[in-house]
Amino acid sequence: MSLNDVNTQPKTITVQILHPEILKDDYQTSLYQIILVREAISVQIDFAEYTIPSHSILFLSPYQHLSSTTNMATTFTQLSFHGDYYCIEYHKKEVACNGILFNNIYVQPYVTVSPVLFHEIATIYQKIQDEIPHHSDAIIKAYLQLILALCSKEKKRIMKDFVPLSLQDNTIGYQFQKDLEQFFRIQKTVLYYADRAGLSIDRFSKKIKQQLGKSPSTLLQERTTLEAKKLLHLTYLSIKEIADELHFNDEYYFSRYFKKNVGVSPSHYREQVGISIVAK
């Protein structure tokens, strides 16, 4: 099955081989993706670079950019599904994956597991693939939910092995997270957050990069873009209302900002991703 086939079947689920040459370009799709990474690889996701270890599972939300400049011989197994097929927000009580596996700018977008668990998840992929021709949606969704539950459990366990920034409330990085969540809608310059920390922009940026792994400007872009995606998917607000909500001067500036960071316009994003069944 080709990549084009995925985009012409937006409300289904697919399992396929993702060949490495596709990552030489800026690959993206309107679907959620769960990618099995058998061998270590260096990639760029949106604005950040990651070295993903072997036996990892990578989670991407719609229209996240994925690329790699390294030479690779390995292939990846990709499971893709549309938000209308399985709504992660609707199923948040059964599987708490939104904000853990997907849509969290502060944690790595993958989880590294044991070879045994990796093989178990790969086996579930095969079971899903076997059921797709039979349109066994209830079975397929149960398998998908199992994958998400296993990975969420593992990622929560791994995160407990590190001292979270929330327990280090004297760090610049922790305070920046709090400030960013409170003010990102109205304050979109690094200078504002550096001033709150009492540091020069250069000193502040260096400390944030050391503690959070990304520059403050990158985190500002990612947080604003993530909120825009949420509002497009989880609400019936118009593009103008979303621009106002995020304190852009006008909807045209917001649309340019969104297209620059996501690759498509807000209207195209909403058309392809859809409005969630939990939208208000």
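The values are calculated or read from the model by the stated rules, or taken from the named source; none is laboratory data. All values derive from a computational prediction rather than experimental measurement. Neighbour counts are summed over all protein chains in view; Cβ atoms, including those assigned to glycine, are modelled from backbone coordinates with ideal geometry.
Could you tell me whether A149 is surrounded by 14 or more Cβ atoms within 10 Å (Cβ to Cβ), over 19 Å from Q78 (Cβ atoms), of a type in the set (A, V, I, L, M, F, W, C) and modelled with pLDDT of 90 or more?
Here the answer is yes, as A149 does meet what is asked.
Can you confirm whether segment 67-78 contains a residue that is over 20 Å from K230 (Cβ atoms), in contact with a Phe, Trp or Tyr (Cβ under 8 Å, 6 or more places away or on another chain), assigned by TED's automatic domain parsing to the domain that holds K153 and not hydroxyl-bearing (S, T, Y)?
no
If you take the residues of segment 75-95 that are among the aliphatic types (A, V, I, L, M) and modelled with pLDDT under 95, which of them is surrounded by the most Cβ atoms within 10 Å (Cβ to Cβ)? Full working, then the answer.
Of all residues in segment 75-95, those among the aliphatic types (A, V, I, L, M) come to 79, 88, 95.
Checking which are modelled with pLDDT under 95 leaves us with 88, 95.
Values: I88: 23, V95: 21.
The qualifying residue surrounded by the most Cβ atoms within 10 Å (Cβ to Cβ) is I88.
Just to confirm my filter: which strands (runs of 3 or more DSSP E) fall fully inside segment 29-70 and include at least 3 residues that are closer than 17 Å to L101 by Cβ and modelled with pLDDT of 95 or more?
Working: elements: 32-37, 41-45, 48-52, 56-60.
Because the criterion is at least 3 residues that are closer than 17 Å to L101 by Cβ and modelled with pLDDT of 95 or more, the strands (runs of 3 or more DSSP E) in segment 29-70 that meet it are 32-37, 56-60.
I'm checking my understanding of the structure. Among residues of segment 96-146 that are within 16 Å of the chain's Cα centre (by Cα) and without any contact (Cβ under 8 Å) to a residue 24 or more places away in the chain, which one is surrounded by the most Cβ atoms within 10 Å (Cβ to Cβ)?
N98
Give me the pairs, please: first residue somewhere in segment 171-182 and modelled with pLDDT of 90 or more, second residue anywhere and among the charged types (D, E, K, R) and not in a helix (DSSP H, G or I), beta-carbon distance under 9 Å, and either six or more positions apart or on two chains.
Q175/D169; K178/D169
Give segment 35-62 a look and list any residue that's out of contact with any His (no Cβ under 9 Å at 6 or more places or on another chain) and among the aromatic types (F, W, Y), or say none.
Y50, F59
If you take the residues in segment 16-52 that are in contact with an Asp or Glu (Cβ under 9 Å, 6 or more places away or on another chain) and over 19 Å from K260 (Cα atoms), which one is surrounded by the most Cβ atoms within 10 Å (Cβ to Cβ)?
Out of the qualifying residues, it is V43.
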